[in-house]
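Asker: Have a look at the structure that comes next, please.
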Amino acid sequence: MCGICGQFNFVNGEPVLSATLRTMTATIAHRGPDDEGFYISGPLGLGFRRLSIIDLAGGHQPMSDADQHVWVAFNGEIYNFKELRAELEAYGHVFKTRSDTEVIVHGYKRWGKAVLERLNGMFGVAIWDDRARRLILARDAMGIKLLYYRVSGGTVTFGSELRPVLAAMHDRPVVDPAAINLFLRYRYTPSPLTPYKGVRKLAAGTLAIFEGGTWCVERWYRTRPEAFSPPKTDAEAAEELLAIYKRAVRRQLVSDVPVGLLLSGGLDSGLLLGLIQLFGDHWPTYTVGYGKAAYRDDELTDAAETAGLLGAANAQVQLTREAFERELPRIVSVLEEPVAASSIVPMYFVCQRARQDVKVALVGQGPDELFGGYKRHLGVTYGHYWRRIPKWLRMGVEGGIQRLPRSEALKRGVHSLSESGRVARYQGVFSLMPGATVDGLFQEGWSVSGAGDSVRAIWGELEPEMEHLDELGGFQLLELRSSLPDELLMYADKLSMAHGLEVRVPYLDREIVEYVERLPASFKVRLGQRKWLHRRVAQGFLPATILRRKKRGFAVDAVDAWFHGAVDSRMGEYLLDPQSLMYRFLLNHAAVGRLLEAHRSKREDNHKMLFSLVLLEQWLRAADCAATGRVTGP
């Protein structure tokens, strides 16, 4: 795990300045405290910061082949690098290190850009083909790693984070109101957009090619999952999934440095602990919570119980509400993009604690999206029953639901599930609020008409991959290609790397994802039980007490409860203060005030949107954009 950046003057061929490249690379020093490297060849420059995980002595980057025809700067891990190395050696390729990076170098020489299709891992990678004068930037299939870029005046600058891209700019970045609209509606900014005009991030499974004075973006990872034929029996699916879990975990435990586990009190990380125990013992685990004084069902106790049952040491971090509010600005700054997930604060602190002992930590993200672990998956699964009801009756029931107080999630759900178009239904399920309501928060002249609906064009590119999927499978494909990589995985990467900690996501191993995508909804949600098959596998590792625990992430219940009932706190002050940066441009103070008043009067439950607005204000202050005159209208 590392950080990469670079510049390519692909039109005029002007040489890259060493000072510029070093300035860019210095902004991501936290991602790689162990080593740095640079490569400049005329119009191309690559910068690198290393967190040494595999082949500690021989993995220096940027790395090239013996002839220096192919250069690679790579952030991430390739879990099947040993198998690929053996295959390449059989073709006559000679390796000089034990690192996974060199597999990309020789793999590109053998297969060209098709090498990406052979990689099982997480990566943001830059490949320079010196003979073809071609630069390829690519993001892994599941989007676990990020790659930002900006193209201007025939020059592309790029990096693992926004920082190096912004550092190369001569002017301050300009906030994009359309992207802010998307954030407020969906809690994150979908790729390829970022909060800044002209700055983009590669979507999961895509690449950008710069060659011959031109450039393009294309999707290198395309799948059209089809159901197994003949269909799997329950026993077959459980047996096969367990075997795949074991193979994936074994692959992702490969490391030359200590490995730990971020342990919540729930099913997913508990099963992950059980799986890694098959390949050794004494795996340290790390948990964050707020204590029973803050929340009666705090996960610190549950995580300690899970660790004890499985014989693992458990280090705990207990946070307070004061710490949450105090550290939120710093954490938002680390994220670089606004993300309205209350778990960002506990995630930051649990990674900080883990880094005191280990350089690598596994995390249990993924099963909720793969197997239908959220409440919204119930609505998506059973929504066809709702659509079978005569329209006149549905409209009557929906009208009654719309009059219910503090039932915004239910209101959005019944409205979205009535949509006839597949992507339109999915969009409604993802939305925090109707598009018209979000548009109404903006000042006159700043609202971009239909901005919230632009996500349909982004998601529409994925519709061919849904061709053979049922309703739940299609929705999950969008989660796996969009919301998961651009929200949860984005903040996991940045919050962990802020402390020099590599976080791995075994449940998103390509073999697991590509198997589960071929399973019908009945293996995921059955008789109202979510993550049915995943739970069945977990029965072989965890007692019933753990399997019955309700779902929660890292202390998110406590944080949601705080904000739900205490918007008059420091966070709430941002919403009330007319001098807040979001009111100097972009948003209408009175419109936000009405939203807040409806929440306080208990007519509506707007705590998710209010938290998003607080995060937006924190981001604006961290980004220091509003007061500079660099923010312009649409």
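Asker: Would you call residue 199 closer than 29 Å to residue 18 by Cα, surrounded by fewer than 24 Cβ atoms within 10 Å (Cβ to Cβ) and within 20 Å of the chain's Cα centre (by Cα)?
Answerer: So residue 199 passes the test.
Asker: Residue by residue through the stretch 87-99, note down the ones that are crowded, with 18+ Cβ neighbours inside 10 Å and modelled with pLDDT under 95.
Answerer: The one that is crowded, with 18+ Cβ neighbours inside 10 Å and modelled with pLDDT under 95: 99.
Asker: Only one of these is closer than 26 Å to residue 615 by Cα and buried (at least 16 other Cβ atoms within 10 Å of the Cβ): 319, 310. Name it.
Answerer: 319
Asker: Please go through the stretch 75-86 and give me each residue that is crowded, with 16+ Cβ neighbours inside 10 Å and either out of contact with any Cys (no Cβ under 7 Å at 6 or more places or on another chain) or aliphatic (A, V, I, L, M) (or both), ordered by number. Before the answer, list the steps.
Answerer: First, pick out the residues of the stretch 75-86 that are crowded, with 16+ Cβ neighbours inside 10 Å: 75-81, 84-85.
Across the stretch 75-86, the qualifying residues are 76, 77, 78, 79, 80, 81, 84, 85.
Asker: Considering 484, 480, 472, which residue is in contact (Cβ under 8 Å) with a residue 40 or more places away in the chain, touching a strand residue (DSSP E or B) at 6+ places or on another chain (Cβ under 8 Å), within 30 Å of residue 122 (Cα to Cα) and part of a helix (DSSP H, G or I)?
Answerer: 472
Asker: Is one or more of the residues making up the stretch 281-296 over 22 Å from residue 496 (Cα atoms), small (Gly, Ala, Ser) and either open to solvent by less than 30 Å² (accessible area, probe 1.4 Å) or within 26 Å of the chain's Cα centre (by Cα) (or both)?
Answerer: yes
Asker: Only one of these is over 18 Å from residue 376 (Cβ atoms), of a type outside the set (Ser, Thr, Tyr) and part of a helix (DSSP H, G or I): 457, 424, 409. Name it.
Answerer: 457
Asker: Is there any pair linking a residue in the stretch 257-282 that is touching a residue at least 40 places away in the same chain (Cβ under 8 Å) and charged (D, E, K, R) to one that is open to solvent by less than 10 Å² (accessible area, probe 1.4 Å) and assigned to a helix (DSSP H, G or I), with Cβ under 9 Å and at least six apart or on different chains, and which?
Answerer: That search, which allows pairs on different chains as well, returns 268/367; 268/507; 268/534; 268/538.
Asker: With the requirement that a residue be on the phi < 0 side of the Ramachandran plot and out of contact with any strand residue (DSSP E or B) (no Cβ under 9 Å at 6 or more places or on another chain), what does the stretch 439-450 give you? Show your work before the answer.
Answerer: If we filter the stretch 439-450 for residues that are on the phi < 0 side of the Ramachandran plot, which is where we start, we get 439-444, 446-449.
Answer for the stretch 439-450, where residues must be on the phi < 0 side of the Ramachandran plot and out of contact with any strand residue (DSSP E or B) (no Cβ under 9 Å at 6 or more places or on another chain): 439, 440, 444, 447, 449.
Asker: Can I ask one more? Tally up the residues in the stretch 66-100 that are touching a strand residue (DSSP E or B) at 6+ places or on another chain (Cβ under 8 Å) and part of a helix (DSSP H, G or I), please. Quick ask: steps written out before the conclusion?
Answerer: Quick first cut of the stretch 66-100, residues touching a strand residue (DSSP E or B) at 6+ places or on another chain (Cβ under 8 Å) only: 69-81, 84, 97, 99-100.
Subsequent filtering for residues that are part of a helix (DSSP H, G or I) retains 81, 84.
Total satisfying the criteria: 2.
Asker: Restricting to the stretch 497-522, count the residues that are outside any loop (DSSP other than H, G, I, E, B) and either under 15 Å from residue 370 (Cβ atoms) or among the aliphatic types (A, V, I, L, M) (or both).
Answerer: Qualifying residue count for the region: 14.
Asker: Still on this structure, please answer the following. Could we say that residue 349 is in contact (Cβ under 8 Å) with a residue 60 or more places away in the chain, open to solvent by 10 Å² or more (accessible area, probe 1.4 Å) and not in a loop (DSSP other than H, G, I, E, B) here?
Answerer: yes
Asker: Out of 503, 448, report the one residue that is within 30 Å of residue 162 (Cβ to Cβ), among the β-branched types (Val, Ile, Thr) and surrounded by 22 or more Cβ atoms within 10 Å (Cβ to Cβ).
Answerer: The unique qualifying residue is 503.
Asker: Pick from 304, 361: which is among the hydrophobic types (A, V, I, L, M, F, W, C), open to solvent by 10 Å² or more (accessible area, probe 1.4 Å), in contact (Cβ under 8 Å) with a residue 12 or more places away in the chain and not in a loop (DSSP other than H, G, I, E, B)?
Answerer: On inspection, the qualifying residue turns out to be 304.
Asker: As an exercise: evaluate residue 377 against (1) open to solvent by 40 Å² or more (accessible area, probe 1.4 Å); (2) over 23 Å from residue 201 (Cα atoms) and give the number of the one condition it does not meet.
Answerer: Evaluating residue 377 over (1) open to solvent by 40 Å² or more (accessible area, probe 1.4 Å); (2) over 23 Å from residue 201 (Cα atoms) leaves (1) as the failure.
Asker: Also: Residue 437 is checked against (1) open to solvent by 50 Å² or more (accessible area, probe 1.4 Å); (2) at pLDDT 90 or above; (3) part of a loop (DSSP other than H, G, I, E, B); (4) not acidic (Asp, Glu) and fails just one. What number does that condition carry?
Answerer: In the conditions (1) open to solvent by 50 Å² or more (accessible area, probe 1.4 Å); (2) at pLDDT 90 or above; (3) part of a loop (DSSP other than H, G, I, E, B); (4) not acidic (Asp, Glu), residue 437 misses (3) alone.
Asker: Hey, can you tell me all the residues within the stretch 524-537 that are in a helix (DSSP H, G or I) and under 25 Å from the mean Cα position of the chain (by Cα)?
Answerer: 532, 533, 534, 535, listed by residue number.
Asker: I'm told residue 558 meets every condition in (1) open to solvent by 10 Å² or more (accessible area, probe 1.4 Å); (2) at pLDDT below 90; (3) part of a helix (DSSP H, G or I) except one. Can you identify the failing condition by its number?
Answerer: (1)
Asker: For the stretch 179-196, how many residues meet the condition of being in a loop (DSSP other than H, G, I, E, B) and open to solvent by 10 Å² or more (accessible area, probe 1.4 Å)? Even if it seems obvious, please write down each step before you answer.
Answerer: Initial filter on the stretch 179-196 (in a loop (DSSP other than H, G, I, E, B)): 187-195.
Imposing the further condition that a residue be open to solvent by 10 Å² or more (accessible area, probe 1.4 Å) reduces the set to 187, 192-193.
Final tally of qualifying residues: 3.
Asker: A further question follows. Please work out which one of (1) small (Gly, Ala, Ser); (2) under 26 Å from residue 77 (Cβ atoms); (3) outside any helix (DSSP H, G or I) is the condition residue 447 fails and give its number.
Answerer: (2)
Asker: Can we say residue 166 is under 22 Å from residue 456 (Cβ atoms), open to solvent by 10 Å² or more (accessible area, probe 1.4 Å) and touching a strand residue (DSSP E or B) at 6+ places or on another chain (Cβ under 8 Å)?
Answerer: It is false that residue 166 is under 22 Å from residue 456 (Cβ atoms), open to solvent by 10 Å² or more (accessible area, probe 1.4 Å) and touching a strand residue (DSSP E or B) at 6+ places or on another chain (Cβ under 8 Å).
Asker: Specify the residue that is nearest to residue 11 (Cα to Cα); the eligible residues are those in the stretch 40-64 that are in contact with a Ser or Thr (Cβ under 8 Å, 6 or more places away or on another chain) and surrounded by 21 or more Cβ atoms within 10 Å (Cβ to Cβ). Lay out the reasoning, then the answer.
Answerer: Kept after step one, since they are in contact with a Ser or Thr (Cβ under 8 Å, 6 or more places away or on another chain), are these residues of the stretch 40-64: 40, 45, 47-49, 53-55, 58-59, 61, 63.
Imposing the further condition that a residue be surrounded by 21 or more Cβ atoms within 10 Å (Cβ to Cβ) reduces the set to 45, 47-49, 53, 59, 61, 63.
Details: 45: 15, 47: 20, 48: 24, 49: 27, 53: 37, 59: 32, 61: 26, 63: 25 Å.
Looking at residues that are in contact with a Ser or Thr (Cβ under 8 Å, 6 or more places away or on another chain) and surrounded by 21 or more Cβ atoms within 10 Å (Cβ to Cβ), I get 45.
Asker: Now a separate question. Identify the single condition in (1) of a type in the set (A, V, I, L, M); (2) touching a helix residue (DSSP H, G or I) at 6+ places or on another chain (Cβ under 6 Å); (3) farther than 26 Å from residue 154 by Cβ that residue 193 does not satisfy, given that it satisfies every other one.
Answerer: Condition (3) is where residue 193 drops out.
Asker: Identify the residue in the stretch 101-150 that is open to solvent by less than 10 Å² (accessible area, probe 1.4 Å) and part of a loop (DSSP other than H, G, I, E, B) and, among all such residues, is nearest to residue 502 (Cα to Cα).
Answerer: Per the criteria, the residue is 145.
Asker: Of the residues 253, 272, only one is at pLDDT 95 or above, open to solvent by less than 10 Å² (accessible area, probe 1.4 Å) and touching a strand residue (DSSP E or B) at 6+ places or on another chain (Cβ under 7 Å); which?
Answerer: Selected residue: 272, the only one of 253, 272 that is at pLDDT 95 or above, open to solvent by less than 10 Å² (accessible area, probe 1.4 Å) and touching a strand residue (DSSP E or B) at 6+ places or on another chain (Cβ under 7 Å).
Asker: Got a number for residues in the stretch 38-65 being modelled with pLDDT under 95 and either under 27 Å from residue 155 (Cβ atoms) or part of a strand (DSSP E or B) (or both)?
Answerer: Adding up the residues that qualify gives 3.
Asker: May I ask you to list the residues in the stretch 218-241 that are more than 21 Å from residue 479 (Cα to Cα) and not hydroxyl-bearing (Ser, Thr, Tyr)?
Answerer: If the condition is that a residue be more than 21 Å from residue 479 (Cα to Cα) and not hydroxyl-bearing (Ser, Thr, Tyr), then 228, 230, 231, 232, 234, 235, 236, 237, 238, 239, 240 are the ones that fit.
Asker: I'm trying to understand the selection: among the residues of the stretch 328-346, which are crowded, with 19+ Cβ neighbours inside 10 Å, of a type in the set (D, E, K, R) and assigned to a helix (DSSP H, G or I)?
Answerer: Selection gives nothing.
The values are calculated or read from the model by the stated rules, or taken from the named source; none is laboratory data. Small disclaimer: the values here were computed from a predicted structure and weren't measured. As a convention, Cβ positions derive from the backbone with ideal geometry for all residues, glycine included, and neighbour counts pool all protein chains shown. All accessible areas refer to the heavy atoms of the entire protein, side chains included, with ligands and DNA or RNA removed. Shrake-Rupley method; radii C 1.70, N 1.55, O 1.52, S 1.80 Å.
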